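Just so it is clear, none of the values below were taken in a lab; they were calculated from the coordinates. Predicted model, so just to flag it, every value in this text is computed and none were measured. Please note: Cβ atoms are built from the backbone with ideal geometry, for glycine as well, and neighbour counts cover all protein chains shown.
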Amino acid sequence: MDTRQWLLDRHGPVCAYCERRVNANAITMDHVTPRKGKTAYDRRDNLVLACPACNALKADQPFLAFLLARRARAASLLRYGEHLSPMLLDLAKEIAGPEAAARAARLADPDYPYLD
């Protein structure tokens, strides 16, 4: 299964940064750590789905700068926590803050009955 389809099956056509639901044909894949020079990481733990607006806004910005510009993006990114690299996940948790990290952990728990 290709990575795009794997992400769609796992997360649905939802932007990792703004949580907007997008038509599955329009959603794009984004490298969390940009594909710039020697840092071209095409592994699944560096890829998320992004709406065209967020993908264009992020472009080749460093991951940290993009999330710090709007901390809510880090909280949104935490819903992808299961497959992201530990380094990316730790940075997102630190930026989002402990309350957002705790909420993401609750929502990831299959036994948690609420959607918050």
Ordered by packing density, taken as the mean number of other Cβ atoms within 10 Å over each peptide's residues, highest first, how do 88-94, 44-50, 25-31 rank? 44-50, 88-94, 25-31
One finds, for Glu82 and Arg35 with R0 = 22 angstrom and r their Cβ-Cβ distance, a FRET efficiency to the nearest 0.05 of 0.45
Projected area averaged over all directions for the convex hull of the alpha carbon atoms of region 3-108, nm², comes out at 6.0
Could you sort the peptides 3-15, 74-86 by per-residue average Cβ neighbour count (10 Å cutoff), highest mean leading? 74-86, 3-15
In this structure, the FRET efficiency calculated for Arg20 and Arg44 from their beta-carbon separation, with R0 = 25 Å, to the nearest 0.05, is 0.70
